[in-house]
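Input: a single structure, listed below in structure tokens.
The values are calculated or read from the model by the stated rules, or taken from the named source; none is laboratory data. Being a predicted model, the structure only gives us computed values, none of them experimental. Here the Cβ positions follow ideal geometry from the backbone for every residue, glycine too, while neighbour counts run over all protein chains shown. When the accessible area is computed, the model is the full protein with side chains, heavy atoms only, and any ligands, DNA or RNA have been set aside. Shrake-Rupley method; radii C 1.70, N 1.55, O 1.52, S 1.80 Å.
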Amino acid sequence: MSNTIWVVAQQREGKLHKMSFEAVRAGQTLAEMIDGKVEVVLLGSQVDEAARELAGCAVGAVRVIDDKALESYTPGAYIGALEAAVAKFEPAYLLLPHTYQTVDFAPRLAQQLGAALVPEATAVEQDEAGPIWRRPVMSGKLEATVRPRGGGPIVVSVQSAAFPGDEVVE
């Protein structure tokens with residue numbers, strides 16, 4: 001397994017969701033901790049403008065999975081495309097913005113990959129054993145500290161405003 005962090009950006013009709021930049025910032029934060037590299041993955045059809053916008057961030061690469069089947073969101077198409085790409089490139093982490101769309105497909109993607117899933121991450125810290133994620137539990141009344149286990153990549157959805165998008169390193 002590599003130390004590559006994939007940020008799966010979200011777009012609709014070629015326009016990036018603002019939380020995509022929050023997920024990029026989360027990826028940059030994690031990369032600083034683990035001496036990793038951030039790559040952004042963008043799914044869709046004819047999303048070149050959005051890819052150029054993401055390339056303006058300090059990331060190692062922007063990988064575009066361009067397919068007519070990804071023009072409109074469907075969970076099966078997104079899961080299939082990401083599963084194949086993860087099998088080929090073996091990133092250590094997949095970070096996604098925590099939106100209705102990712103809530104729809106991230107759990108099934110994690111299951112298909114045999115990966116740990118950390119939903120609604122609000123922070124990441126590091127100790128001697130590696131990254132630890134914080135996430136709300138009990139309707140946000142409490143906070144859990146989570147250390148994912150397992151052999152596959154770790155899928156993390158990043159809660160809105162937890163990692164400010166305007167702090168993305170460019």
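Taking the condition part of a strand (DSSP E or B), open to solvent by less than 70 Å² (accessible area, probe 1.4 Å), closer than 22 Å to GLU39 by Cβ and touching a residue at least 40 places away in the same chain (Cβ under 8 Å), does VAL64 pass?
Taking the combined requirement at face value, the residue does not satisfy it.
Is there any pair with a first residue in segment 1-14 that is more than 16 Å from GLU71 (Cα to Cα) and open to solvent by 20 Å² or more (accessible area, probe 1.4 Å) and a second that is among the charged types (D, E, K, R) and not in a strand (DSSP E or B) whose Cβ atoms are under 9 Å apart and which are 6 or more apart or on different chains, and what are they?
MET1/GLU90; SER2/GLU90; ASN3/ASP35
When you scan segment 131-141, do you find a residue that is in contact (Cβ under 8 Å) with a residue 24 or more places away in the chain, open to solvent by 50 Å² or more (accessible area, probe 1.4 Å) and within 25 Å of ALA9 (Cβ to Cβ), even just one?
Within segment 131-141, not a single residue is in contact (Cβ under 8 Å) with a residue 24 or more places away in the chain, open to solvent by 50 Å² or more (accessible area, probe 1.4 Å) and within 25 Å of ALA9 (Cβ to Cβ).
For segment 15-42, give me each residue that is over 14 Å from PRO97 (Cα atoms), hydrophobic (A, V, I, L, M, F, W, C) and open to solvent by less than 50 Å² (accessible area, probe 1.4 Å).
Selection gives LEU30, ALA31, ILE34, VAL38.
Output the number of the condition that VAL156 fails; it satisfies all remaining conditions of (1) β-branched (Val, Ile, Thr); (2) modelled with pLDDT of 90 or more; (3) open to solvent by 50 Å² or more (accessible area, probe 1.4 Å).
For VAL156, the exception is condition (3).
Filtering segment 98-124 down to residues that are within 18 Å of GLU22 (Cα to Cα), touching a residue at least 40 places away in the same chain (Cβ under 8 Å) and not small (Gly, Ala, Ser), which residue is most open to solvent (accessible area, probe 1.4 Å)?
Per the criteria, the residue is VAL103.
Is it true that some residue in segment 98-106 is more than 13 Å from the chain's Cα centre (by Cα) and either outside any loop (DSSP other than H, G, I, E, B) or closer than 19 Å to GLY14 by Cα (or both)?
Yes; the residues of segment 98-106 include at least one that is more than 13 Å from the chain's Cα centre (by Cα) and either outside any loop (DSSP other than H, G, I, E, B) or closer than 19 Å to GLY14 by Cα (or both).
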